[in-house]
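Readers should treat all values here as calculations from the given coordinates under stated rules, not as data from a laboratory. Being a predicted model, the structure only gives us computed values, none of them experimental. A quick note on method: Cβ atoms are made from the backbone with ideal geometry, for glycine too, and the neighbour counts reach across all protein chains shown.
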C-alpha cells in the first residue's frame, strides 16, 4: 500500500505542520515541503486526512500524484 501524500509532523509541543511527501517510495524526508502549520493537533490531522482524501480522488481521475489538491500560493 502506498503511503498518504500528506502527513503531520510535530515540531514542538504546540506546533504541528502538514508536509507533502515528495518520495513515491513512501519514505518521509527532510526535503518534504511544508504545506501548512497548526497549533491544534486534531486540526492538523483533520486537514491532512481531508487533503489525502482529495488526493485519492484526483489520483483515480488523473493518475497517481499527477495533480495536487492544494493550491499553490504566490508569496
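Suppose we keep only residues that are surrounded by 10 or more Cβ atoms within 10 Å (Cβ to Cβ) and over 12 Å from the mean Cα position of the chain (by Cα) within region 27-40. Which one would you say is nearest to residue 8 (Cα to Cα)?
Taking region 27-40 and keeping what is surrounded by 10 or more Cβ atoms within 10 Å (Cβ to Cβ), we get 27-29, 32-40.
Next, from what is left, pick out any that are over 12 Å from the mean Cα position of the chain (by Cα): 27, 29, 38-40.
Working: 27: 13, 29: 13, 38: 10, 39: 12, 40: 11 Å.
Filtering region 27-40 for residues that are surrounded by 10 or more Cβ atoms within 10 Å (Cβ to Cβ) and over 12 Å from the mean Cα position of the chain (by Cα), the one nearest to residue 8 (Cα to Cα) comes out as 38.
Condition (residue is part of a loop (DSSP other than H, G, I, E, B), out of contact with any helix residue (DSSP H, G or I) (no Cβ under 6 Å at 6 or more places or on another chain) and surrounded by fewer than 13 Cβ atoms within 10 Å (Cβ to Cβ)) applied to region 41-54: is it met by at least one residue? Among the residues of region 41-54, not one is part of a loop (DSSP other than H, G, I, E, B), out of contact with any helix residue (DSSP H, G or I) (no Cβ under 6 Å at 6 or more places or on another chain) and surrounded by fewer than 13 Cβ atoms within 10 Å (Cβ to Cβ), which makes the answer no.
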